[in-house]
Structure formats: C-alpha cells, structure tokens
1. State whether one or more residues within segment 108-128 are more than 16 Å from ligand 2 (Cβ to nearest atom) and at pLDDT below 95.
2. Is one or more of the residues making up segment 3-26 part of a strand (DSSP E or B), within 18 Å of the chain's Cα centre (by Cα), buried (at least 16 other Cβ atoms within 10 Å of the Cβ) and at pLDDT 50 or above?
3. I'm told residue 122 meets every condition in (1) in contact (Cβ under 8 Å) with a residue 24 or more places away in the chain; (2) touching a strand residue (DSSP E or B) at 6+ places or on another chain (Cβ under 7 Å); (3) within 16 Å of ligand 1 (Cβ to nearest atom) except one. Can you identify the failing condition by its number?
4. Go through segment 65-92 and count every residue that is in contact with a helix residue (DSSP H, G or I) (Cβ under 9 Å, 6 or more places away or on another chain) and in a loop (DSSP other than H, G, I, E, B).
5. Where residues in segment 256-302 are in contact with a helix residue (DSSP H, G or I) (Cβ under 7 Å, 6 or more places away or on another chain) and not in a loop (DSSP other than H, G, I, E, B), which of them is surrounded by the fewest Cβ atoms within 10 Å (Cβ to Cβ)?
6. Given the condition more than 29 Å from residue 227 (Cβ to Cβ) and not in a loop (DSSP other than H, G, I, E, B), answer yes or no: does some residue in segment 148-170 qualify?
7. Quick check on residue 104: is it modelled with pLDDT of 95 or more, surrounded by 17 or more Cβ atoms within 10 Å (Cβ to Cβ), within 16 Å of ligand 3 (Cβ to nearest atom) and assigned by TED's automatic domain parsing to the domain that holds residue 61?
8. Go through segment 175-239 and tell me which strands (runs of 3 or more DSSP E), entirely inside it, have 3 or more residues that are more than 16 Å from ligand 1 (Cβ to nearest atom) and free of Cβ contacts under 8 Å to residues at least 12 places away in the same chain.
Ligand SMILES: [Ca+2]
Ligand SMILES: [Ca+2]
Ligand SMILES: [Ca+2]
C-alpha cells in the first residue's frame, strides 16, 4: 500500500519516469504493426507463389508509404521502387513468415558482392533492445574481430536478403551466425521473370527463426525466441535499391523504422505484435486444455482450461470416475495408470469437447 508520503513522491517522480520511458521507446512510438497468425492447416508453402497469402487481410499489409529513405532522403516514387510486405506466424512454431512483393525500374543483381538489390530485415525476438553489431559494441578497446565473434547478431539478427539472389546464397546474415539462414532455421523462394538491369515484379517468400541468443558456435547453445500470441517483438526492414550496376552504392534506403541505425541497434526497431487467429479461421467454440503434474508422489495434477470462445458451463471428466465443474481444477488421482481425460464445454455457440488419451499417466 502506498503511504501519503509515497503518493507525493510518486507525483514528483512520475513525470521523470514518463520521460525516461519515452527515451526507451522503440522507434515510431505509438505505431504497432500486426503479424498474421496462420491457422495450422494453412501454413504457407515456400515456393514463391503468393497464393497462400490471399487469406491475409489487407490490414496486415505494410506498403511503401510506410517507408522513408533515411539515408539519401529521396522522395518516394512508386516507379523507382514499390514494395508490399506481409508477415505471418504459426502458433507452436518459432518462425516468422514473409511475403515480399516489389516492383523496381532496375533490378540490380548480377554482381557477386553486396552490391545487389536487398531486402534487409532486422529482428529482435525478445525485445532485448540495444546495439548488436560489432561497430556499436560498448567497449572500445575490444577489437572488431573479437566484437564480431562475441556480439555481432547474437541478441538480435540482421539479414541482407538478395532480391533476387543469382548464383549466391539467398541472404547474408550480418553477424557471426551464418548457420541461421539454412534449414531448419530459414527457407526462401523467389519468382520473377526479369534479367539484371530490367524492370519488373519480384515475389519473395521466406521464413526465418528469431533468436534470443544465436552465437558463433552454432545451434547447440542457441536459444530460439519463443513466439506466442500477443507477444510484441522488435523488427524493421529496409529496401536497399541499387539501380545501376556500376554505381558505388544504393540509390535509396527505404526504411520502415525512420532511423537508419535500426540496422545495428535493436532499440531503433518498430513494435510488431503476434496476432491471434482471425475469428473467421477458427470455430467459435474450440475447447483445449493443458496439465502439469504438481507432485507425482501424491498424484496431484493441475489442469488448465485453454478453451477459445464463450463458455457458460464446463465439465472435466478425469477418467477415474471423478469430475469437476471448475475452470482450472486440481485433481488427485487414486492410483497409477494411464487416464483418458475430457473437458466438455458449453456456451452460446454450442457444445464441444476435447479429450487427451493417455497424456496423463500416473505412477
Ligand atoms: Ca529502382
Ligand atoms: Ca534479442
Ligand atoms: Ca533496383
């Protein structure tokens, strides 16, 4: 409980707290983009065909009007470059799916080096924030080589995706973990019918796995970012538009974060939310549950109702003759055995049940 003194202190401190919170905000405060949740029976197939994405509402599409050329400050011209991006995820997988559709007046992709039209994606799956490239390492006496292997891309990752990739890997992972661009951590496919120097439309479909920790020593010690409904992650992208094979560098740096340094500082990314499945893609009443054994010696189990939809009444059948009408019951099983447990729910949208056969086993 707050004392009068503390309330007064809070009033004094509150503006300061607010100010520091603002300083810690992601780039584009107040903006939050949506990541579409694909139902498990409609996971996109990575083949360069955008058909799987037709189910994604346009409210999820992020177009060229959201991008700013933060390097060269050129004015937006749809004929020069126009892009549309949709991002998706699937509950139970730690993957981010992307559909990148772009029209360019000059596709620059004949060279072997970094000079290539690029879709640069930066992701911070656990919102750790802060710098993550060797050039921004906070200790200036560390060599750039040490900073690379200790630090670069470890807590947030940067993919330079070649659009398209001709005779080279689909992306350059800017960091010490190139293994994250291969299966089972990523996959990509393109479709286009232009040659280097021509104009046209490119479709790129891919997925990546964001990591809380992705070290130089490979996947053994790596930690995938856990994706779950309503979680917010940090992300940005930039379309690097190279329009002349002989030019020194790109012509435009079309950035979703409106701060160039998003390429190396995760605090300059933008908020993205992992959305629930749209109502039309799931039953109105969808029962589910989970359980946790609290004490095997006493055969004490905690059950958790995870039903989606409106429920007016429920009945648990524990498979041992006992039942419960509680939402999240605790139950003690009488003896060792394999149990068939059912949760039956009822609401304005009907009645449905979910059984798990022999998931609950007591000894
Ligand atoms: Ca262009
Ligand atoms: Ca992170
Ligand atoms: Ca180009």
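The values are calculated or read from the model by the stated rules, or taken from the named source; none is laboratory data. Bear in mind the structure is a predicted one, so any value in this text is a computation, not a measurement. Reconstructed Cβ throughout: ideal geometry from the backbone, glycine too, with neighbour counts over all protein chains shown.
1. Quick first cut of segment 108-128, residues more than 16 Å from ligand 2 (Cβ to nearest atom) only: 108-120.
Keeping just the survivors that are at pLDDT below 95 gives none.
Checked against the condition, which is being more than 16 Å from ligand 2 (Cβ to nearest atom) and at pLDDT below 95, segment 108-128 yields no hits at all.
2. Here is the first cut: in segment 3-26, the residues part of a strand (DSSP E or B) are none.
The answer is no, given that none of the residues of segment 3-26 is part of a strand (DSSP E or B), within 18 Å of the chain's Cα centre (by Cα), buried (at least 16 other Cβ atoms within 10 Å of the Cβ) and at pLDDT 50 or above.
3. Single failed check for residue 122: (3).
4. Adding up the residues that qualify gives 7.
5. Of the residues in segment 256-302, the ones in contact with a helix residue (DSSP H, G or I) (Cβ under 7 Å, 6 or more places away or on another chain) are 256-257, 259, 261-262, 264-265, 268-269.
Then keep just the ones that are not in a loop (DSSP other than H, G, I, E, B); that gives 261-262, 265, 268.
On the way: 261: 15, 262: 28, 265: 21, 268: 23.
Checked segment 256-302; the qualifying residue surrounded by the fewest Cβ atoms within 10 Å (Cβ to Cβ) is 261.
6. Checked segment 148-170: no residue is more than 29 Å from residue 227 (Cβ to Cβ) and not in a loop (DSSP other than H, G, I, E, B).
7. Values: modelled with pLDDT of 95 or more: yes; surrounded by 17 or more Cβ atoms within 10 Å (Cβ to Cβ): yes; within 16 Å of ligand 3 (Cβ to nearest atom): yes; assigned by TED's automatic domain parsing to the domain that holds residue 61: yes.
Against the criterion (modelled with pLDDT of 95 or more, surrounded by 17 or more Cβ atoms within 10 Å (Cβ to Cβ), within 16 Å of ligand 3 (Cβ to nearest atom) and assigned by TED's automatic domain parsing to the domain that holds residue 61), residue 104 qualifies.
8. Values: elements: 186-191, 200-208, 211-213.
Per the criteria, no element qualifies.
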